[in-house]
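Novice: Pasting a structure here, questions to come.
The values are calculated or read from the model by the stated rules, or taken from the named source; none is laboratory data. Keep in mind it's a predicted model, so treat the numbers as computed, not measured. Cβ coordinates were reconstructed from backbone atoms using ideal geometry, including for glycine residues, and neighbour counts include every protein chain displayed. Note: accessible area is taken over every heavy atom of the protein model, side chains too, but ligands, DNA and RNA are not part of it. Shrake-Rupley method; radii C 1.70, N 1.55, O 1.52, S 1.80 Å.
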Amino acid sequence: MLYLAYDQLKTSEHIAHDQSLNNLSTATHLVSSQVEAASSKLFLLEDTHSLTEFDNTAKHILKHSPLYADVIHVNMETGQYRSVLLNPTLAEKDPNITWTPLTKFSDQLSISSLYEKFPNYWVFAVKYTPNSSQQYWLEFDLKHATQSLRGLHTLNDGYVFVIDRHTGRLVFHPDPSRIGKPSISYHSGISELLDSGTTFSNYEYYYRDQFKVVVFDANNELDWVFIAGTDRSDILAVSFQFALAAVFCASLLYIALAISYLTRQLSYALTDLNNQTDLGNFKHQLRYTLDRFIPHKGIQFCTYDERHGDFCTLDFHGNSKIVIKDQTLARQFPPDSMRFVNKKEADILAQKLQIRANHYVIPLHNQDELVAVIYIQCLLPCNGTIMRMIRDYTEVALCNLLLRKKLLCKDVMTKLDSQHTMNASIDCHQNTSNVFFAQLEVDYFEQILNHHGPQCADKITIATAEMMQTCFPKPRAISLSRDGMGKFSLLFHAHDKDDAINRCEELRVLIEKSPVKLGELNIPFTVSIGGGAVNGAHQSTLCQVEKALYKAKGSGRNQVSFDAFLQ
């Protein structure tokens, strides 16, 4: 029994470590996407031709995003710092602010260390230096910019926090009042490891009567240290009952081994929830787990969209169907609650789902936001510990899945689908008639980037995405995606091959006639398009369409080809 307790402890440590690594990766990509979006807004400010236009553009940026605190214009010749919101600029003149180049995005971009703009109001800035005479700063409000990381959990009590390496202060912490304060964990040993050259490692320390087990990663160009982990007690929470049973149930060894085995299997089954990549598979794994460990007469899993107030069910293939729209009902499911309800007291959603027996109502939340509700029909109440364990693991796994899905599904700059989403859409329509797939590539995109700079390249990227959406509106378009630098994909309905070619030709002509404006210059650009019908999974479809694209490029570019290149 002691061996099983030890084995379970090691399993919990492994689970905590894997979840911490996944959270570090998600947090790094999320922050990087916000910095990339900020750089695009700074490029927009360079296009302004007057002080009034500059102020109007800057105020528009600040008005439509709570992430940003202020826009600062710096005249390098006079040394004047000017806030668009007319705030004092004494903090921005602090010579102790350290700037780190963001060479991944542009040699003209850099990110600042943490500084206190007002008392107890901490910010950092992304700086764009278009020339030697001026600079544009876009300041981030830390209490808004990093709160999207609050949904990342390790086990039950763990979380992610971020530290500015230059100042040793907290950039993000689940407790907003801690932002800007010196980090105890950083100064208790992590800083020494970083100084010795160790930028990625596990680390343990003691804080407020708890042993903390974390993983830190400083391998990023922001000069930030991302830390994810949990309490040692959280890791021990799954295994402590085994140690107690070894002392208390020595005479009941058979029963203790049976309980041990079932709990271990439940832990493995729940761990698999965190490895699911879509809601359909998540639902199947949850049902499989409940079928094994909870005696029931039926299960219903409903997701909730807070923006529209939609409660939706998922069919066997993962397709969503709205059951009811009721934002008031969502407020009847408080966080951390779990109720066993008599069939006569069923709520409106349970009635819509035709639940006519006693049942559990288990709401799942991301912080205070309802994301799903589970109904489990049971004749009698089940073991409370197992039910809470299933609820807690399911809630954490679902929140992590939704956050990863949100990060993967959309391109930050263009708001088009990601390549991952496009591949999934192709697979879903591989047996559907009159569905066509095309790849679009901006001709000589790298030369444009090298000659006109990243601002022009970004404008071409955004303009191409907008014209794709104009020529291929929904429901004709199934999915429009950005695949890389100057590369895009289209999945759409057409009557036949000739109709598909004509649609792509309309897009090509529109792009040819729509140069982007860079200062006083009009920069023309063209695209080459290769396409074909979807008659297989995404791997074979991509291979065929790439050959058609090569033919369009090999025939002189600025063409549409739906025929494979023959060698």
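Novice: Using the Cα atoms as the points, what is the convex hull volume per residue of the range 393-523 in Å³? Don't skip to the end; give the middle numbers.
Specialist: Working: hull volume 16.1 nm³, N = 131.
Per residue, the Cα convex hull of the range 393-523 comes to 123 Å³.
Novice: Among all the lysines, which ones have a C-alpha under 16 Å from Lys63's C-alpha, if same-chain residues fewer than 8 places away are not counted?
Specialist: Candidates past the 8-residue exclusion: Lys41.
Novice: With unit charges on the beta carbon (Lys/Arg positive, Asp/Glu negative), name the residue among Val74, Leu62, Leu45 whose Cα is farthest towards the positive pole of the charge dipole of the range 40-79.
Specialist: Leu62
Novice: Per DSSP H run of at least 4 residues, take -39500 (n - 2.57); add these up for the chain, divide by its residues and hand me the 222 nm value, nearest 500 deg cm²/dmol. Before the final figure, lay out each step's value.
Specialist: Details: 16 runs with 221 residues, N = 567.
Result for the chain: -12500 deg cm²/dmol, rounded to the nearest 500.
Novice: Shifting gears a bit: So which of Lys517/Lys553; Lys459/Lys513; Lys415/Lys459 end up more than 21 Å apart, counting from Cα to Cα?
Specialist: Working: Lys517/Lys553 25 Å; Lys459/Lys513 15 Å; Lys415/Lys459 14 Å.
Over 21 Å apart, Cα to Cα: Lys517/Lys553.
Novice: Shifting gears a bit: About the Cα centre of the chain, what is the dipole size in debye to 20, counting +1 per Lys and Arg Cβ and -1 per Asp and Glu Cβ, all else neutral?
Specialist: On the way: 53 positive and 61 negative charges, 311 e Å.
Dipole of the chain, to the nearest 20 debye: 1500 debye.
Novice: Out of residues 5 or more away from Thr167 or on other chains, whose amide H comes under 5 Å of its own, with H placed 1.01 Å from N in the peptide plane?
Specialist: Leu114
Novice: Ok, one more. Please report the spacing between the Cα centers of the range 459-473 and the range 285-316 in Å, no decimals.
Specialist: Cα centres, the range 459-473 to the range 285-316: 38 Å.
Novice: If I compute solvent accessible area with a 1.4 Å probe over the protein chains, what percent of it on the range 66-172 is carbon and sulfur? Mind showing how you got there, number by number?
Specialist: Details: 2170 of 4440 Å².
Of the solvent-accessible surface of the range 66-172, carbon and sulfur hold 49 percent.
Novice: Could you report the range 324-412's accessible area per residue, 1.4 Å probe, as an integer in Å²? It would help to have the intermediate numbers written out before the result.
Specialist: Values: 4490 Å² over 89 residues.
Accessible area per residue, the range 324-412: 50 Å².
Novice: Determine the dipole magnitude for the range 302-368: charges of +1 sit on the beta-carbon of Lys and Arg, -1 on that of Asp and Glu, nothing else is charged, the reference point is the Cα centre, and the result goes in debye to the nearest 20.
Specialist: On the way: 9 positive and 9 negative charges, 68 e Å.
Dipole of the range 302-368, to the nearest 20 debye: 320 debye.
Novice: In Å, what Kirkwood hydrodynamic radius results for the range 412-463 from the alpha-carbon pair distances?
Specialist: 13.4
Novice: Hey, another quick one. Using the Karplus equation 6.51 cos²θ - 1.76 cosθ + 1.60 (θ = phi - 60°), what ³J(HN,Hα) coupling, rounded to whole Hz, does each residue of the range 75-86 give in order, writing x for Gly and Pro?
Specialist: Once θ is set to phi - 60°, the couplings for the range 75-86 become 8, 6, 6, 9, x, 8, 10, 10, 8, 5, 8, 6 Hz.
Novice: Also, quick follow-up: Whole-Hz Karplus ³J(HN,Hα) for the range 533-542, in order, using 6.51 cos²θ - 1.76 cosθ + 1.60 and θ = phi - 60°, x for Gly and Pro?
Specialist: 6, 7, 10, x, 5, 5, 4, 5, 5, 4
Novice: Once amide H atoms are placed 1.01 Å from N in the peptide plane, what residues at a sequence separation of 5 or more from Val323, or on another chain, have their amide H within under 5 Å of its amide H?
Specialist: Residues meeting the amide H criterion: Phe311, Cys312, Thr313.
Novice: Name the residues whose placed amide hydrogens come within less than 5 Å of the amide hydrogen of Leu102, ignoring near sequence neighbours (fewer than 5 apart) on the same chain.
Specialist: Leu109, Ser110, Ile111
Novice: Suppose every Lys and Arg Cβ carries +1 and every Asp and Glu Cβ carries -1, with no other charges. What dipole size does the range 38-120 come out with about its Cα centre, to the nearest 20 debye? Don't skip to the end; give the middle numbers.
Specialist: Working: 7 positive and 10 negative charges, 49 e Å.
Around 240 debye, computed over the range 38-120.
Novice: I need the Debye-formula profile for the range 317-380: one equal scatterer per C-alpha, no solvent, reported as log10 I(q)/I(0) at q = 0.23, 0.27 1/Å, two decimals.
Specialist: The Cα Debye sum returns log10 ratios of -1.07, -1.30.
Novice: Cβ neighbours within 10 Å, averaged per peptide: list 8-16, 445-453 in order, most packed at the top.
Specialist: 8-16, 445-453
Novice: Right, another one. Of the beta bridges DSSP finds with both residues in the chain, what % are antiparallel, to the nearest 5?
Specialist: Taking every DSSP beta bridge within the chain, about 95 percent pair in antiparallel fashion.
Novice: Now a separate question. Sort 488-496, 203-211 for me by packing, meaning the mean count of neighbouring Cβ atoms within 10 Å per residue, highest on top. Intermediate results must be reported in sequence, preceding the final value.
Specialist: Numbers: 488-496: 20.3, 203-211: 12.1.
In decreasing order of mean packing, 488-496, 203-211 become 488-496, 203-211.
Novice: Still on this model: Taking 1 over the mean of 1/r across every pair of different Cα atoms in the chain, what Kirkwood radius in Å do you get? Before the final figure, lay out each step's value.
Specialist: On the way: mean 1/r = 0.0369 Å⁻¹.
That comes to 27.1 Å for the chain.
Novice: Turning to a different aspect of this structure: Residue-wise, which Karplus ³J(HN,Hα) couplings in Hz belong to the range 415-422, taking 6.51 cos²θ - 1.76 cosθ + 1.60, θ = phi - 60°, and x for glycine or proline?
Specialist: Computed from phi, the couplings for the range 415-422 are 6, 7, 5, 7, 5, 4, 5, 4 Hz.
Novice: How much of the accessible area of the range 373-419, probe 1.4 Å, is carbon plus sulfur, in whole percent?
Specialist: On the way: 1260 of 2020 Å².
Here it works out to 63 percent.
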